[in-house]
Amino acid sequence: MDAGEMTRYICETFDGVNLLEANGDSFFVYDPDRDLPAERQLPFATIVTGDHYDNASALGRPGAWRLNIGLTRSAYDALFPRRADPGTDVDHTAPDVLLPHPVYASQHWVCVVNPDAATGEAVRRLLAGAYDFAARKHAKHRARHRGSAAPR
């Protein structure tokens, strides 16, 4: 699967996803009404195609791209039990290996360079969990703000 196919998979599989793009990279935001203010447009997954933000995965190589997925703390801890400095002893250039994110592991993000057969099932499951979490956060925020706008 290439980055374009992964983008299509995410956009076609999960309702309410707003795809934002910049510098050849893709940011997947749960925003079913397409009305979130910029400061609330936080992605649940991203695809990066170059070393714009970090160079840990050497994405300047031909065909290299990285899928990043934001998880809940419990989902992240199930994959990578807490350790002092997550991700420092792994090769972030290795393809098709699920790893702690090289920069955002402490915020419960994982990554895969060129996901394929070895990580395909896990990637689909983790994307579904990240999407569900984003949808729950969105619904809670809407309910909280809808309730605060009611007349007293």
Of the candidates Arg34, Arg40, Arg66, the one satisfying the condition of being surrounded by fewer than 21 Cβ atoms within 10 Å (Cβ to Cβ), within 16 Å of the chain's Cα centre (by Cα) and basic (Lys, Arg) is Arg40
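This table checks each residue for (1) in a loop (DSSP other than H, G, I, E, B); (2) over 17 Å from Ala56 (Cβ atoms); (3) within 16 Å of the chain's Cα centre (by Cα).
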position	(1), (2), (3)
Asp91	yes, no, no
Pro102	yes, no, yes
Ser106	no, no, yes
Cys111	no, no, yes
Pro115	yes, no, yes
Arg124	no, yes, yes
Gly129	no, yes, yes
Asp132	no, yes, yes
What's the total number of residues in region 1-48 that are closer than 14 Å to Arg66 by Cβ, of a type in the set (A, V, I, L, M, F, W, C) and at pLDDT below 95? 1
Give just the number: which of (1) under 20 Å from Leu127 (Cβ atoms); (2) buried (at least 16 other Cβ atoms within 10 Å of the Cβ) does Thr13 not satisfy? (2)
Options Tyr53, Tyr76; residue that is surrounded by 14 or more Cβ atoms within 10 Å (Cβ to Cβ), hydroxyl-bearing (Ser, Thr, Tyr) and within 23 Å of Ala22 (Cβ to Cβ): Tyr53
If you go through region 1-33 one residue at a time, how many are in contact (Cβ under 8 Å) with a residue 60 or more places away in the chain, in a helix (DSSP H, G or I) and among the β-branched types (Val, Ile, Thr)? 2
Reported set for region 1-54 where residues are of a type in the set (D, E, K, R) and farther than 16 Å from Asp132 by Cα is Asp2, Glu5, Arg8, Glu21, Asp25, Asp33, Arg34, Asp35, Glu39, Arg40, Asp51, Asp54
When you go through (1) of a type in the set (S, T, N, Q); (2) closer than 25 Å to Glu121 by Cβ; (3) within 15 Å of the chain's Cα centre (by Cα); (4) surrounded by 13 or more Cβ atoms within 10 Å (Cβ to Cβ) one by one for Asn18, which number turns out not to apply? (2)
Just name the residue that is modelled with the highest pLDDT out of those in region 80-95 that are surrounded by fewer than 15 Cβ atoms within 10 Å (Cβ to Cβ) and not β-branched (Val, Ile, Thr). Ala94
Would region 80-91 turn up any residue that is charged (D, E, K, R), closer than 17 Å to Gln107 by Cα and in contact (Cβ under 8 Å) with a residue 24 or more places away in the chain? no
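The values are calculated or read from the model by the stated rules, or taken from the named source; none is laboratory data. The shown structure was predicted, so the numbers you read here are calculated from the model rather than taken from an experiment. All Cβ positions, glycine included, derive from the backbone under ideal geometry; neighbour counts span all protein chains shown.
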